[in-house]
Amino acid sequence: MFYFFLACAALIAGYFVYGKFVEAQFGADTCRATPACRLEDGVDFVKMNPKTIYMIQLLNIAGLGPIFGPILGALYGPAALVWIVLGSIFAGAVHDYFSGMMSVRYDGKSIPDAVGYNLGAFAKQFMNVFSVILLLLVGVVFILGPAKLLANKIGFDLDKNVAVVIWTAIIFAYYFLATMMPIDKIIGRLYPLFTVCLLIMAFGLSGMLIVDGYTFFPNGVGLANVHPKGLPIWPLMFITIACGAISGFHATQSPMMARCLPDEKCGRPIFYGAMIGEGIIALIWATLGMTFYQTPDALQAALAAGGPAAVVDQVATTLMGPIGDFLAIIGVIILPITSGDTAFRAARLIIADFGKIEQKSIAKRLMIAVPLFVVGFIITKTDFNVIWRYFGFANQTLATIVLWASAMYLVRHGKLHWIATIPATFMTAVCATYLCVAPEFPIAVSSDIGYPIGIAVAAICFVLFILKARNTPVEADAVDSPGVIG
């Protein structure tokens, strides 16, 4: 367990040291009135307690991401822990902080607007379409997945297909309410409770690993790849472990909390800090995958038999008994629902920002939400197993674009852009390489060809950015925030 505690210590140190440095580069200022103070509407712009915002943000960005991804990533061995630590500190937390704080500076606008302000109109329109599609996929998948699991656990003594339909309808109804209601009425009250369950499950299971004396399965291999199928670490591990290291989905969630922030100084604990918290949860589940199962082949067999959900259920019930069984239900059923509802809510806000439709009126909210849920219902009738395979790539591509936008934001304000430029370049290489070599893409080529292409694409993007940065004038901070006070 030495590696696990060392990794956790590194994440915590990263928050206090690098997180403070990132905050200083952004220039968080308590004298600026946040959107929650200036634009309060009782629905989306609602000033909330920072501790409550943190718990909502953590659950928004977490869901199943830091559980399923790290379990699959554990097949690669201890290298997964290194990526979680470095990715969280230098990429994911930076991405989350800027996606949230740029929204604060841009009147609580959604991420497509923040990207558009810094990368241009084309990038904004691309992000509008890309983000809504991504959110619809997330929302719909997080209806069907929990519905099927609930039908297995609580089937009402009905045919399984009928039970799935009933649970799908119930979850749809909840999503609709969570999307329509003021953020402090449902999400603000339920999420802190679910966050506590998530943390109890994560820390309780890691504690039981220590008590029962489990050890890592890849003894003596260092950072060598131990994947039983021989899948390469580059770039697959960096796509597999998204939430828990860096995830573009977070950029769609952070602006919702940016509209509730009472003070800019709360940005580091809420945005940067929640990502570090998710990184610790990811470390716990990656470690569980590498310790509960004594070999990579044993973990692979468990995954083949029932997927990550079965692994969660087996690990939780074995280590914590009936309590673990209850927490496993929370983990594989409740958590995806808490990502799905905010996915639909974020989609509503992005569409509202795009159409400049105020959302204080319930009629205006219905005007967007009803068609959105109709489209979501239609998608549930589609076989999107193939589509979902593209989600990992789309998720990391979104994160990459947000990092480039963050880098340009820093350039425009005369700040040190390298804190975003370096991870943006790295993630560009990851996404470009994956696009070249992943078998699900029609352009897939061998790694001998795909790897150099991916690196070349990242290098070209880096050079273009530097040239653009040299010709970009520095602007005053006040341009971004009409709410300067004092």
T318 paired with E358, simple spin-label distance in nm, labels 7 Å along Cα-to-beta-carbon: 5.8
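For the chain, what does the accessible surface come to per residue with a 1.4 Å probe? Please give it in Å². Kindly include the intermediate steps, with their values, before the conclusion.
On the way: 18450 Å² over 486 residues.
Result: 38 Å² of accessible area for each residue.
Pop the C-beta distance of I170 and A304 into the FRET formula with R0 = 22 Å and round what comes out to the nearest 0.05. Before the final figure, lay out each step's value.
Values: r = 31 Å, r/R0 = 1.40.
Here the calculated transfer efficiency is 0.10.
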Charge dipole (the chain, unit charges on Cβ, about Cα centre) - positive-most of Q359, I233, M257: Q359
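For the range 310-431, what does the relative contact order come out to in percent, with C-alpha contacts under 8 Å and a separation of six or more? Intermediate values should be presented prior to the final figure.
Numbers: 56 pairs, mean separation 16.2, N = 122.
Reported relative contact order: 13 percent.
Could you rank the peptides 116-129, 47-60 by their average count of other C-beta atoms within 10 Å per residue, with the highest value first?
Working: 116-129: 17.4, 47-60: 21.6.
Put in order of decreasing packing, that is 47-60, 116-129.
Subtract the Cα-Cα distance of V82 and A24 from 0.36 nm times their separation in residues, and report this length gain in nm to one decimal.
Fully extending the segment from V82 to A24 adds 18.3 nm.
State, as an integer percentage, the relative contact order of the chain based on alpha-carbon contacts under 8 Å between residues 6 or more apart. Please report the intermediate quantities before stating the final value.
Numbers: 766 pairs, mean separation 147.3, N = 486.
Normalised by residue count, the contact order of the chain is 30 percent.
What's the magnitude of the charge dipole for the chain around its Cα centre, counting Lys and Arg as +1 and Asp and Glu as -1 at the beta-carbon? Answer in Debye, nearest 20.
Working: 29 positive and 27 negative charges, 153 e Å.
Computed charge dipole of the chain: roughly 740 debye.
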Where nothing but the Cβ of Lys and Arg (+1) and of Asp and Glu (-1) is charged, how large is the charge dipole of the range 331-445 around its Cα centre, in debye to the nearest 20? 440
I'd like the FRET efficiency for L416 and E40, computed as 1/(1 + (r/R0)^6) with the beta carbon distance as r and R0 of 41 Å, rounded to 0.05. 0.75
Per-pair calculated FRET efficiency, R0 = 30 Å: L223 and F5 via Cβ, rounded to 0.05: 0.95
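Go through 403-414, 239-250 and give me the packing order, highest mean Cβ count within 10 Å leading. Display every interim value, and only then the final one.
Details: 403-414: 23.8, 239-250: 27.3.
The most tightly packed comes first, giving 239-250, 403-414.
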Let me know the shape class of the range 153-251, please: from the alpha-carbon gyration tensor, a ≥ b ≥ c as square roots of the eigenvalues, rounded when a/c is under 1.5, otherwise prolate if a/b is greater than b/c, or oblate. prolate
Between (i) 158; (ii) 138; (iii) 179, the structure-derived volume of the Cα convex hull per residue in Å³ is (ii)
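Stretched out fully, how many nm does the piece from N152 to T380 gain, at 0.36 nm a residue minus the Cα gap? Don't skip to the answer; put the middle values down first.
Values: separation 228, 0.36 × 228 = 82.08 nm, distance 1.88 nm.
Contour length minus Cα-Cα distance gives 80.2 nm.
In deg cm²/dmol, rounded to 500, what helix-only [θ] at 222 nm does the chain give when every DSSP H run of at least 4 residues adds -39500 (n - 2.57) and the total is split over its residues?
Numbers: 20 runs with 341 residues, N = 486.
It lands at -23500 deg cm²/dmol.
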Carbon plus sulfur, as percent of the 1.4 Å-probe accessible area of the chain, comes to 71
Once you place label points 7 Å from the Cα toward the Cβ at F126 and K51, how far apart are they in nm? 4.3
In nanometres, what is the gap between the two model label sites at V445 and N471, each 7 Å from Cα along Cα-to-Cβ? 2.9
Length added when fully stretched, I133-Y390, from 0.36 nm per residue minus Cα-Cα: 91.3 nm
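The values are calculated or read from the model by the stated rules, or taken from the named source; none is laboratory data. Everything quoted here is computed from the prediction, not taken from an experiment. Cβ coordinates were reconstructed from backbone atoms using ideal geometry, including for glycine residues, and neighbour counts include every protein chain displayed. Side chains included, ligands, DNA and RNA excluded: accessible areas come from the protein's heavy atoms. Shrake-Rupley method; radii C 1.70, N 1.55, O 1.52, S 1.80 Å.
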